[in-house]
Amino acid sequence: MLISNEIRLTLQGFPGYYKCILTGDLMDFKIGDKVVYPNHGVGVIEQVNYGMLNGRSEKYFMLKISSSGLKVMVPQSNALAVGLRSVMRQAETSKVMTYLEKGKFTSHHDWKHRFKENSERMRTGSLIEVAAVLKSLVALSRTKPLSFREKKMLERAKYLLVSELATARNSSAENMEGALVKSLAKARLSMPVLTDVLEG
């Protein structure tokens with residue numbers, strides 16, 4: 001079980017998801033809701049419990065990450081800070097696909113700075129930021145071989161994109177991966193073959 005304690009939040013790319021931060025409301029979920037936990041992907045709320053935290057009553061969400069089976073317990077008061085959110089709406093998925101086709105991206109020439117910047121993007125939970133990581137690494141792979149760690153990051157970015165887009169569109173991962181490839185093709189990009197990168 002993982003108890004979240006990261007203090008990270010991004011509003012970029014999700015104009016409608018975090019309205020509650022402006023009103024002071026707390027994120028709320030119910031059993032069966034599909035959610036996204038940053039850098040881990042889509043999960044399902046399995047339990048909603050109550051307990052004591054710092055001397056006061058606290059609501060906890062227990063979620064199970066679909067791909068790994070990892071169970072994560074998130075206090076309601078910390079849900080916004082760690083970036084826990086609902087799966088994006090189907091209407092929002094087109095923005096991500098359009099970004100892959102036409103969106104601009106930046107990529108630092110220095111490997112260490114680039115990896116640090118991309119790692120921070122991945123942790124935000126914003127699917128647009130994840131798409132930016134994927135697009136920049138795919139573009140980079142055309143001019144130079146990716147390091148093992150960047151190959152792993154590219155695979156992770158692809159998984160996060162495919163899994164959430166497929167969930168939001170009620171489609172299969174295979175169909176969504178095909179749509180992703182087509183969007184990249186419109187930007188004259190193609191996914192490199194990552195034969196030496198293990199899943200996970």
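Structure values in brief
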{"quantity": "Whole-percent pair-distance distribution, where bins are 10 Å wide, for the alpha carbons of segment 90-186", "calculated": "16, 53, 27, 4"}
{"quantity": "Hz values of 3J(HN,Hα) by residue in segment 82-98 - Karplus curve (6.51, -1.76, 1.60), Gly and Pro given as x", "calculated": "8, x, 5, 8, 6, 4, 4, 6, 4, 5, 7, 5, 5, 5, 5, 5, 5"}
{"quantity": "When the convex hull of its Cα atoms is projected in every direction, mean area for segment 46-112 (nm²)", "calculated": "8.1 nm²"}
{"quantity": "Under 9 Å, Cβ to Cβ, from Lys71 - net charge with Lys/Arg +1 and Asp/Glu -1", "calculated": "0"}
{"quantity": "Span from the segment 85-146 Cα centroid across to the segment 166-196 one, whole angstrom", "calculated": "14 Å"}
{"quantity": "Sites Asp28 and Ser171 - FRET efficiency at Förster radius 30 Å, r taken between beta-carbons, to 0.05", "calculated": "0.65"}
{"quantity": "Members of Lys59/Lys95; Lys71/Lys186; Lys34/Lys59 lying beyond 29 Å, as alpha-carbon distances in this model show", "calculated": "Lys59/Lys95; Lys71/Lys186"}
{"quantity": "Förster-model FRET efficiency, 35 Å R0, Lys112 and Gln90, C-beta, rounded to 0.05", "calculated": "0.35"}
{"quantity": "³J(HN,Hα) computed for each position of segment 125-130 - Karplus, 6.51 cos²θ - 1.76 cosθ + 1.60, integer Hz, glycine/proline x", "calculated": "x, 6, 5, 5, 5, 5"}
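Only the coordinates and a few stated rules stand behind these numbers; no lab work does. The model shown is predicted, which means the values in this text are computed figures rather than measured ones. FYI the Cβ positions are ideal-geometry reconstructions off the backbone, even for glycines, and counts take in every protein chain you see.
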